[in-house]
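Down below is the structure, laid out as structure tokens.
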Amino acid sequence: MRNFILKEKYNTLIQSLIDDFNNSHSYKYIMGPDALCLIEILCEKMNLKPGMRVLDMGCGAGFTSIILAKEFGVTVFANDLWSCATENYERFVKAGVEDRVFPFRAEAHNLPFASNFFDAAISIDAYHYFGTDECYLCDHYAKLVKPGGQFGLVNPGLSKEFTNGLPEKMKPFWEPNMYAWHSAGWWQQLWEKTDLVDVTCAQEIPDGKSIWRMTADYDLHDADIENYLTLVLMTAIKK
């Protein structure tokens, strides 16, 4: 498995913020696929430059937003429905990026941003929660990014679509929202048929299953003997 430079560079900072979270809540911070790894993989496929305005959609506790601001010098609008904007802002202050990362808490269909406002919109481990709707890109997401702007996402996904139903061994660990996991080809087709974007990359991430399993869904991965589970990456340019 590859080495992750950004994870090594920012791990001490992010771990301290996780420790702060755990010390101030009655429950522990829950990590899905490691966002520090996923943001590095995604940004290798994008062209982020200082001064750009970037939407971090589904930012969770804001760790990806912190890395985007620190590493690429972009201004980040960090939106998440399930995380407290005030708590995220406190984390941004501790990380020293409060002048470049701005927290929001809004539902994906009611975002408080102007059309053509962003140079780029990214989503790590979140877009599948709302973006499988065939109208979502057209009616909501694509409007936010200026022509020529970039999109990028990394999601839990499948190496191939289920054609004969969910494998029996996976059923005890499967939850209904997992049906939003799809293959890279499925996502590419969903976006391309809108004619709003040019998809520049749609792929299964090498070692995606291993990267995912490092931090989440261990039993489900052990039950996946046919190797359906992986991480998928897609980037696109708005026409």
In Hz, Karplus ³J(HN,Hα) per residue of region 154-163 (6.51, -1.76, 1.60; θ = phi - 60°; x = Gly, Pro): 10, 10, x, x, 10, 6, 7, 6, 5, 10
Positive minus negative residues near residue 36 (Lys, Arg vs Asp, Glu; Cβ under 14 Å): -3
When each of 9/45; 143/171; 9/238 is checked by Cα-Cα distance, pairs over 29 Å: 143/171; 9/238
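Using DSSP to call loops (not H, G, I, E or B), can you name the GluC sites (Glu not before Pro) in region 110-176 whose Cβ has at most 12 other Cβ atoms within 10 angstrom?
In loop regions of region 110-176 (DSSP not H, G, I, E or B), the sparsely surrounded GluC sites (Glu not before Pro) are 134, 161.
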Reciprocal mean inverse distance between Cα atoms of region 12-72 - Kirkwood radius, Å: 12.9 Å
Residues whose placed amide H lies under 5 Å from that of residue 197, excluding near-sequence neighbours: 239
Label zone at residue 115 (point 7 Å along Cα-to-Cβ), backbone N below 14 Å, region 133-147: 138-147
Those trypsin sites (Lys or Arg not before Pro) in region 177-217 that DSSP places in a loop and that have at most 14 other beta carbons within 10 Å: 193
Region 1-33 versus region 152-192: alpha-carbon centroid distance in Å: 27 Å
Amide H partners (placed H, <5 Å) of residue 120, local residues excluded: 53, 55, 150
Efficiency of FRET between residue 180 and residue 99 - r from beta-carbon atoms, R0 25 angstrom, step 0.05: 0.10
Kyte-Doolittle at least 0.5, axis length at least 27 Å by Cα - qualifying DSSP helices, the chain: none
Helix-only [θ]222 nm of the chain, DSSP H runs n ≥ 4, -39500 (n - 2.57) each, per residue, nearest 500: -9000 deg cm²/dmol
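Can you tell me the alpha carbon radius of gyration of region 192-235 divided by the globular rule-of-thumb value 2.2 N^0.38 Å?
Numbers: Rg = 13.7 Å, N = 44, 2.2 N^0.38 = 9.3 Å.
Cα Rg divided by the expected 2.2 N^0.38 Å: 1.48.
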Long-range Cα-Cα pairs in region 57-103 (distance over 18 Å), rounded percent: 12 percent
For region 102-239: span of alpha carbons on each principal axis (Å, largest first): 46, 29, 24
Largest-first principal axis extents of the Cα set of the chain (Å): 50, 45, 32
Pairwise label distance in nanometres, residue 82 with residue 134, each label 7 Å out on the Cα-Cβ vector: 2.8 nm
Computed E for residue 146/residue 89 - FRET, C-beta separation, R0 35 angstrom, nearest 0.05: 0.85
Along each principal axis, Cα extent of region 146-226, largest first, Å: 44, 28, 19
The chain: antiparallel DSSP beta bridges as a percent of all, rounded to 5: 45 percent
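Each value in this text was obtained by applying a stated rule to the coordinates, not by laboratory testing. The shown structure was predicted, so the numbers you read here are calculated from the model rather than taken from an experiment. Backbone-built Cβ (ideal geometry, glycine too); neighbour counts: all protein chains shown.
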